[in-house]
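Comments concern the structure below.
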10 protein chains.
Amino acid sequence: MLFHVQMTVRLPHDMPPAKADELKAREKAMSQELQRAGRWRHLWRIAGRYANVSVFDVSGPAELHELLSQLPLFPYMDIEVQALCRHASSVHEDDR
Amino acid sequence: MLFHVQMTVRLPHDMPPAKADELKAREKAMSQELQRAGRWRHLWRIAGRYANVSVFDVSGPAELHELLSQLPLFPYMDIEVQALCRHASSVHEDDR
Amino acid sequence: MLFHVQMTVRLPHDMPPAKADELKAREKAMSQELQRAGRWRHLWRIAGRYANVSVFDVSGPAELHELLSQLPLFPYMDIEVQALCRHASSVHEDDR
Amino acid sequence: MLFHVQMTVRLPHDMPPAKADELKAREKAMSQELQRAGRWRHLWRIAGRYANVSVFDVSGPAELHELLSQLPLFPYMDIEVQALCRHASSVHEDDR
Amino acid sequence: MLFHVQMTVRLPHDMPPAKADELKAREKAMSQELQRAGRWRHLWRIAGRYANVSVFDVSGPAELHELLSQLPLFPYMDIEVQALCRHASSVHEDDR
Amino acid sequence: MLFHVQMTVRLPHDMPPAKADELKAREKAMSQELQRAGRWRHLWRIAGRYANVSVFDVSGPAELHELLSQLPLFPYMDIEVQALCRHASSVHEDDR
Amino acid sequence: MLFHVQMTVRLPHDMPPAKADELKAREKAMSQELQRAGRWRHLWRIAGRYANVSVFDVSGPAELHELLSQLPLFPYMDIEVQALCRHASSVHEDDR
Amino acid sequence: MLFHVQMTVRLPHDMPPAKADELKAREKAMSQELQRAGRWRHLWRIAGRYANVSVFDVSGPAELHELLSQLPLFPYMDIEVQALCRHASSVHEDDR
Amino acid sequence: MLFHVQMTVRLPHDMPPAKADELKAREKAMSQELQRAGRWRHLWRIAGRYANVSVFDVSGPAELHELLSQLPLFPYMDIEVQALCRHASSVHEDDR
Amino acid sequence: MLFHVQMTVRLPHDMPPAKADELKAREKAMSQELQRAGRWRHLWRIAGRYANVSVFDVSGPAELHELLSQLPLFPYMDIEVQALCRHASSVHEDDR
């Protein structure tokens, strides 16, 4: 099932650049692994902001929380979650 | 290019049901036409609310406004727009 | 799986009392049916407000939306949804 | 009587991990003690956030404040309280 | 126990003056009855607004809701409730 | 005349405990002195939060500001002020 | 003593123009009477909005409420009140 | 022409007292110089808060910005600006 | 001098279409007249909303208010005004 | 195509002045380069605030994000983006 997630990153200004780089590299690797596994179905940058809009395809809230809370940038993100479902006007039979 | 659009519908409580049904039928037809044409790339229902999350693929803000302002429910919707672009961590070369 | 739902009812002041009573009676009947079926697990009044806090136990966002959107008072409610999961500090093995 | 409590934890980013771990361990122990005593009736994680939704069963606002203010994470939490009561549509005679 | 209640009245502009007067007269009578009974301990006007700040002394959220929801102006008020308790710096032994 | 004041305390997390204790002790002493003098007429804790609701009885805004700005915790508090007056439905002749 | 008052007028769109004109004429007359009496010390239009910023010089919250609640447009205004006092950096001995 | 300016001061808690005192002294001196020159026409303290309401009389937005941005406390203030003009109901011919 | 104005139009849903059309036609005519006169320097549509972003070049707040309050849609618009000035990093000598 | 961008700068109070000066100098240089290239079409200071209103003319959200995220002050700015298009009432054929 699908969850719409908007993440805004707020890194502390006094974080050493090396630590920030390492966090971002691990975040990117984990994100791409989840994308390839089909769990992180969409990932878009919001133009002009250090933020993204994502759609996750998971087995439920428990898996969603497990994935999000393990992201390296999780302690530094404001996260808003909305549960999605197929729209009655969609031209697709499934939730694409 | 992509725009993230969240629409919340607020029909006046005194709208005659027949008018509401007619507006919704025309909205659905136009929505499906735009989906088939590839302009309205994603359409999801937000669970528990008379609202949707959509992603449009258009040539720019002018086309986006033209499409949205012609929707039959446009006068009754609160609409929030965010411009999207490819995320540097996306596993896709394009903006999927 | 569990969803936390807060509903605030805003009936139009010019709704005829008979219609309001009929809506509320049907809302109560459907609510109790869903409670008995185990779908509407908790239902509490928020003291001092025409509003409730509820916990639904459903198969996913699609079923949640189906249940909520069929409530007789749905067109007159502001609804906020939060997906819940078991807390790591819970003394229960399940999501009670 | 019941109080609905939503807690959002905001640990300072410069808190030493050992101190954070110790605070969390003590928070968990006290939470489980209160759950077993029937004071902290429900405890759920909000998916995707370092936050929980809880229902407390206490003798009144004074006991609620005493319990919450003694939690090890209290200084680092945003807490919202809503007083609950039995809903007239509940299928239970009590406030379950 | 004490609850702090802020009520803001929003009468529809098209309510007939006679109905408004009748509602206000009944509201005043019920308010004074509750004040004399010691349930509505304090009642102050907020200067410049059709609103009041009140302190109720009741047996719990259930009684608070029963009292507030029976007020004639209840359908026309925005109500905010905060549970109060004795402050550790109070010079009184009780919750005055 | 009366002013309704809501104070929320936000101590910096890195304040040395000894300094915090000293500030709180001086705050308590000054608060009790003002209560005994009849200037700080009511003082209640808001359950679950490091915050209070107070009613001051002073000669005007100037005295109110003088009292509040001299509180030891003043630099660490968010303060909201509302001017109160006797409510026309009060059963008291004065502003109790 | 001084109170800073910001008033925003929201006339119902279906108010007959004659009634609106009559209300505005009475509002203007009462406003000018209060200005001449020194109670309504300042009155400025906020550019681009049907709103004003005012400073009242009254004997206290009770008189302020009496003046504001008698204004013909009172039922149609959002009003925000802030108590003012002399600023320590003012070059005037009084509260000008 | 007139601009209504509300300034809220938020000094960092770790600013050395000597620096804070020096900033405040320079702020006061510049404020009084501008008051005497007629540019800073009104200056009032908001009771209970480290904030003021001011009215500036300047030649336009450029001069307003020049004055405000040179204030010693400018980097520590939240500033809200509203352009004012003579109100049609004012008893004065000018913008007093 | 320049003022940044954002206007959001909220026509009542029960306004007769003929009246709405007439208001819009007059609004357009007046807008174009002001654009040609150089007073309404910029006018852009915000994509997806019945709203615009405008920049006015006027002699001060008084003229700005006079222009805006005479617009036929003024009673139906939420208007936010910000005073602008030349930016120190602008490549232009004037405020273009 | 055009995007309306409002940037509010929030430099940490403990940033060394030399670093702040260097960031601002590089920001100014990059801003002027983009203005001369026609990408940063308008740049205005908001009077009284460390903030600006800008209009960018870019090929789409991707270029907009690339430009904004490379600004030296980007990590210290709150940025709000609105997509613009030609207004039907504009006297210009293009989006000026």
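Computed from the coordinates by the stated procedures, all read-outs in this text should not be read as laboratory data. Fair warning: this is a prediction, and the values are worked out from it, not measured in the lab. For neighbour counting, all protein chains shown are included, and Cβ atoms are generated from backbone atoms with ideal geometry for every residue, glycine included.
Would you please give the FRET efficiency between H:F74 and I:T8, computed as 1/(1 + (r/R0)^6) with r the Cβ-Cβ distance and R0 = 25 Å, to the nearest 0.05? Calculated value: 0.20. Normalised by the number of residues in chain A, the mean separation of alpha-carbon contacts (under 8 Å, six or more apart) gives a relative contact order of 46 percent. Using a Gaussian network for chain C with springs between C-alpha atoms less than 10 Å apart, which of these wobbles most: C:L73, C:L11, C:L43? Of the options given, C:L11 has the highest mean-square fluctuation. Each of A:A29 and I:Q32 was given a label point 7 Å from its Cα along the Cα-to-Cβ line. The distance between the two points is 6.3 nm. Annotation: extensible slack from H:A18 through H:E93 equals 22.3 nm (criterion: 0.36 nm per residue apart, minus Cα-Cα distance).
Between I:M77, I:M30, I:M15, the residue with the greatest mean-square fluctuation in the GNM of chain I (Cα pairs under 10 Å linked by springs) is I:M15. Computed from Cα positions, the angle between helix B:17-36 and the longest principal axis of chain B comes to roughly 20 degrees. GNM on chain I, alpha-carbon springs under 10 angstrom: the most fluctuating residue among I:H42, I:H13, I:H65 is I:H13.
Neighbouring Cβ atoms from other chains, within 10 Å of the Cβ of residues in H:63-76, number 3 on average. Dividing the summed -39500 (n - 2.57) terms of all DSSP H runs of n ≥ 4 by the residue count of chain F sets its mean residue ellipticity at 222 nm at -10000 deg cm²/dmol.
Simple rule: put +1 on each Lys or Arg Cβ and -1 on each Asp or Glu Cβ in chain D, find the dipole, and look at D:S90, D:H65, D:H42; the Cα lying farthest toward the positive end is D:H42. Chain A holds its axis-closest Cβ, relative to the rotation onto H, at the residue and whole-Å distance A:D14, 7.
Taking the average, over residues, of other Cβ atoms within 10 Å as the packing measure, peptides I:45-54, D:54-63, A:32-41 rank I:45-54, D:54-63, A:32-41 from highest down. Computed from point charges on the beta carbon alone (+1 for Lys and Arg, -1 for Asp and Glu), the dipole magnitude for chain B about its Cα centre is near 280 Debye.
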